[in-house]
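Report on the following structure.
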Amino acid sequence: MARLVYSAMCSLDGFIADADGSFDFAMPDAAVHAFANELESTVGTHLFGRRMFEVMEFWEGQDADLDQDPVTLEFARQWTLCDKHVYSTTLTSVTTARTTLHRAFEPQQVAQLKADATADLSIGGAALAAVAFRAGLIDDLHLITFPVVVGGGTSALPPGLRLDLERAEVRLFDSGVVATHYRVHGQGAG
């Protein structure tokens, strides 16, 4: 069975966006971006909430922009080749290739996607990930932590959730970024 992976670029205090909604503090340099590409290389399907999808749809067609650097081109190529499932009650359509629009996140349907998949699935967006965490669907957690404290905003992880984790890998970057991979072992409200 494929694994459902949640990856988040966050501040040291655990926020993916600051109180103003900006995530400019988490712009990866070439080494961190290449690492993110490495993580994405195992993914065949992305699950997005509306807001994260609207951020990510920028990548559609960017793989043809020869003015992009090779690391950026590779990310765009990987994103374009993946299947995408978008969960939204407000979107009426999607314009990106290989994309299915769903009105609701149904844990049983996502469990079936995992069971049928030949490559890992990733989930993007803290709100959608919170639902998947609470449903016990997420297998791996990648936190890419930037050396900045933003003091508040959108939390990378849902409040009130207990996860028992096993550290699988830690990578340190010259920029001060730390990437930590955890495997989820158990969970419950706590």
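Bear in mind these aren't lab numbers, they're just calculated from the coordinates by the rules spelled out. Being a predicted model, the structure only gives us computed values, none of them experimental. Positions of Cβ are backbone-derived with ideal geometry, glycine not excepted, and every protein chain shown enters the neighbour counts.
In order along segment 171-182, phi translates into HN-Hα couplings of 10, 10, 10, 4, 6, x, 6, 10, 10, 10, 10, 10 Hz, rounded to whole numbers, per the Karplus curve 6.51 cos²θ - 1.76 cosθ + 1.60 with θ = phi - 60° and x for Gly and Pro. Summarising the label geometry, the points placed 7 Å from Cα in the beta-carbon direction at Ala135 and Arg103 lie 1.6 nm from one another. Taken over the alpha carbons of segment 137-190 as equal point scatterers, the Debye sum produces base-10 log I(q)/I(0) values at 0.24 Å⁻¹ of -1.05. For the chain, the longest piece that avoids every one of the trypsin sites (Lys or Arg not before Pro) found in DSSP loops with at most 16 other C-beta atoms within 10 Å covers 1-97.
Placing R0 at 35 angstrom, the Cβ-Cβ distance between Ala19 and Ala115 gives a FRET efficiency of 0.35 after rounding to 0.05.
From the Kirkwood radius over Cα pairs of the chain, Stokes-Einstein at 10 °C and 1.306 mPa s returns a whole-number translational diffusion coefficient of 93 µm²/s.
Give the percent of DSSP beta bridges with both residues in the chain that are antiparallel, rounded to the nearest 5.
The antiparallel fraction comes to roughly 45 percent.
Computed extension gain for Leu91 through Val178, at 0.36 nm per residue and net of the alpha carbon distance, reaches 27.8 nm.
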